[in-house]
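Shown next, in structure tokens, is the structure this report addresses.
Just so it is clear, none of the values below were taken in a lab; they were calculated from the coordinates. None of the values given here were measured: they were computed from a predicted structure. FYI the Cβ positions are ideal-geometry reconstructions off the backbone, even for glycines, and counts take in every protein chain you see.
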Amino acid sequence: MPRRIDHVAIIVRNIEQALVFYRDTLGITPSEIKEVPTEEVRIAFLPMGGPGGSEIELIEPTTPDSSLTRFLEKRGEGLHHICLEVADIDAALAEIQEKGVPVLDKRPRIAAEGRAIFLHPRGTNGVLLELLEARERRRKGVYFTYFYFDRGVFLSDT
């Protein structure tokens, strides 16, 4: 079902402070920093490995009462989740539920990169997993659109 690791999300208190390490020390320049009000988060996208590569996402909670803020207060900065890309999020959700894996989302949510669901760490050996059906990618100023035809993937730079 999963095709690739889409991103690894690291929760931080302050994106600018975190970029001192990721950008200034490691040399990973963000392709974009954007706020996603529906998720109460600000995200810095750090591309790795070219257009088809994975990303590191630095996520910063934007409201004091969000679940991300509570996560940060309880566990501190560090790994938040790993995201796996799937071709069809609806089919993936049905298959996961059929297999009895606990999910946090009963239906796909709109995420920064497409449609997604989260799997409860209780069913994934303690790791919060996101399954993502990605629709559009931005890598170093170029947009890449994924078209899904009978589960085949066609990449187009637009």
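Data overview
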item	result
Lys pairs under 29 Å by Cα in the chain, provided they are eight or more residues apart or on distinct chains	4
Sorted by Cβ neighbour density within 10 Å, fewest at the top, the residues 120, 80, 7	120, 80, 7
Cα centroid separation, the range 102-122 to the range 69-93 (Å)	8
Rough spin-label spacing in nm, given labels placed 7 Å along Cα→Cβ, for residue 23 and residue 5	2.4
Residue 82 versus residue 124: modelled label distance in nm, points set 7 Å from Cα along the beta carbon direction	0.9
The range 4-157 - charge dipole about Cα centre, Lys and Arg +1 at Cβ, Asp and Glu -1, debye rounded to 20	160
Matching label, Kirkwood radius over Cα pairs in Å computed from the structure shown, candidates (i) 19.0; (ii) 16.3; (iii) 20.2	(ii)
